Amino acid sequence: MALAIYPGSFDPVTSGHVDVIERARHVFDRVIVSVAPNIRKEALFTTEERVEMLREVCREFSGVEVDSFSGLLVNYAVANGANVIVRGLRAVSDFELELQMAQMNRCLAPDVHTVFLMTTTEHSFLSSSIVREVARLGGDVRGMVPPVVEKYLARKFQTE
Ligand code: PNS
């Protein structure tokens, strides 16, 4: 049974991420979507909140589990018996960092393979950071994020 890990910050999960989850599920029997603390970015949502949102979103997809991890991604993949990491690519601009991460991961664990899935052009401009910015400034992010995320964003920025 082919198992893949789809790791990310998911701060918050966007419609682009959901598109990648659905595509990954077409390719792999089981997909573990796993929230990681990205030490290069300051998070808006806690890991628990990000997991909650993803669980709600992924409830409708069979074969998809939601989890979180800390530490090295390749160690987490191996511990879960997965030898594939899925990452989404939106545009050429994503490629440089993704290539660097994939090569580093291959260096650390040669048996773990990174597979890239392209997001739909409809969602290719979306990122969690641009969604956070627009929502923070009161803009409408409907359709750019799942409905549950709209609620979390509204709640977060109401209390700021
Ligand atoms: O959604 P993001 O922020 O682009 O995801 C990046 C993430 C979380 C996948 C990456 O930062 C990661 O793999 N973090 C785990 C720590 C790790 O293994 N680092 C070395 C590999 S580059």
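At a glance:
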{"read-out": "Positions within the range 139-149 being open to solvent by 60 Å² or more (accessible area, probe 1.4 Å) and either assigned to a helix (DSSP H, G or I) or modelled with pLDDT under 95 (or both), in sequence order", "value": "P147"}
{"read-out": "The range 15-37, residues that are open to solvent by less than 10 Å² (accessible area, probe 1.4 Å) and more than 9 Å from the ligand (Cβ to nearest atom)", "value": "G16, V20, I21, A24, V31, I32, V33"}
{"read-out": "Pick from the range 1-14, criterion open to solvent by less than 20 Å² (accessible area, probe 1.4 Å) and small (G, A, S), ranking: farthest from the ligand (Cβ to nearest atom)", "value": "A4"}
{"read-out": "Residue within the range 47-69 that is acidic (D, E) and at pLDDT below 95 present", "value": "yes"}
{"read-out": "Residue list for the range 84-105, restricted to those being more than 15 Å from L73 (Cβ to Cβ) and surrounded by fewer than 11 Cβ atoms within 10 Å (Cβ to Cβ)", "value": "V92, S93, E96"}
{"read-out": "Residues of the range 67-103 satisfying the condition of being more than 10 Å from the ligand (Cβ to nearest atom) and under 17 Å from V145 (Cα atoms)", "value": "R90"}
{"read-out": "Verdict on R40 being within 9 Å of the ligand (Cβ to nearest atom), open to solvent by 20 Å² or more (accessible area, probe 1.4 Å), within 20 Å of S127 (Cα to Cα) and touching a helix residue (DSSP H, G or I) at 6+ places or on another chain (Cβ under 6 Å)", "value": "no"}
{"read-out": "Listing of helices (runs of 4 or more DSSP H) fully contained in the range 24-135 that carry 1 or more residues being touching a Phe, Trp or Tyr at 6+ places or on another chain (Cβ under 8 Å) and under 30 Å from A154 (Cα atoms)", "value": "47-58"}
{"read-out": "Any pair with Cβ under 6 angstrom, 6 or more apart, that starts in the range 106-129 at a residue that is open to solvent by 100 Å² or more (accessible area, probe 1.4 Å) and ends at one that is among the polar types (S, T, N, Q)", "value": "D111/N83"}
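The values are calculated or read from the model by the stated rules, or taken from the named source; none is laboratory data. In this text, all values refer to a predicted model and were calculated from it rather than measured experimentally. Neighbour counts are summed over all protein chains in view; Cβ atoms, including those assigned to glycine, are modelled from backbone coordinates with ideal geometry. The area values use the complete protein model at the heavy-atom level, side chains included, leaving out ligands, DNA and RNA. Shrake-Rupley method; radii C 1.70, N 1.55, O 1.52, S 1.80 Å.
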